[in-house]
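Asks: The structure is given below, and queries will be raised subsequently.
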Amino acid sequence: MQISQLFTKLLTQTVVLGVSGIVLFSSTNVNAAEQVVLKYGTFQGQISVEELSQFVETGKTTPTLTAYLEAAQQDPALARKALKAGIKADPAFLNSLLSSWAGPVLVNQIGEVVHPPAGQLNQQALQTALSESIKQNGEVTLLGAIQNYPNTSVELEGDRLIAVYERLSNLAELL
């Protein structure tokens, strides 16, 4: 009987450890955005952050995202490039940049494209998202801002995407 009790106890501990690991590793940022509202002028559609991330990382689109890009007359390759391109530098430098006089300028630039649905830009929330992106990837990207935005949904102003991307690219060249 002792062997069966020992086995049961070991099995229970293994299951608890496994479940704890799954919870720990699957919830990297509990408060991060889950949905993206894509806006292109009067066009508006909703996709998951996971769907957008898959598109940016692999180039693969879902039927929904393909339809949205076509309806908005957006070049998928250019949109992907704009969401993926980043300002790469030492994470400590990027965080100090966010804390300096340039931080609000950078946050406002990104805030033209990424912001809460139908609301005013929350600079602190976006700065938190950018800091988290820096911590995870060592760079500032529009996708990182979306993935780490501390709200259940976020709007992506697609018609401003390329202009902001170009300004961020120019800033990245200066760094």
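The values are calculated or read from the model by the stated rules, or taken from the named source; none is laboratory data. Remember, predicted model here, so these are calculated numbers, not experimental data. Positions of Cβ are backbone-derived with ideal geometry, glycine not excepted, and every protein chain shown enters the neighbour counts. We work out accessible area using only protein heavy atoms, side chains counted, and drop any ligands, DNA or RNA first. Shrake-Rupley method; radii C 1.70, N 1.55, O 1.52, S 1.80 Å.
Asks: Would you mind working out the accessible area per residue for region 64-175, using a 1.4 Å probe, and quoting it in Å²?
Replies: Accessible area per residue, region 64-175: 48 Å².
Asks: Where the accessible area of region 27-112 is counted over protein heavy atoms with a 1.4 Å probe, how much of it, in %, is carbon and sulfur?
Replies: C and S atoms contribute 52 percent here.
Asks: Report relative contact order for region 67-175 in percent, whole number only (criteria: Cα-Cα under 8 Å, sequence separation at least 6).
Replies: 36
Asks: Now, a different point. In the neighborhood of GLY59, defined by Cβ-to-Cβ distances under 11 Å, what is the net charge if each Lys or Arg adds +1 and each Asp or Glu adds -1?
Replies: Within the 11 Å Cβ shell, the charges total +3.
Asks: Cα centroid distance between region 105-134 and region 140-175, in Å?
Replies: Centre-to-centre distance over Cα atoms comes out at 9 Å.
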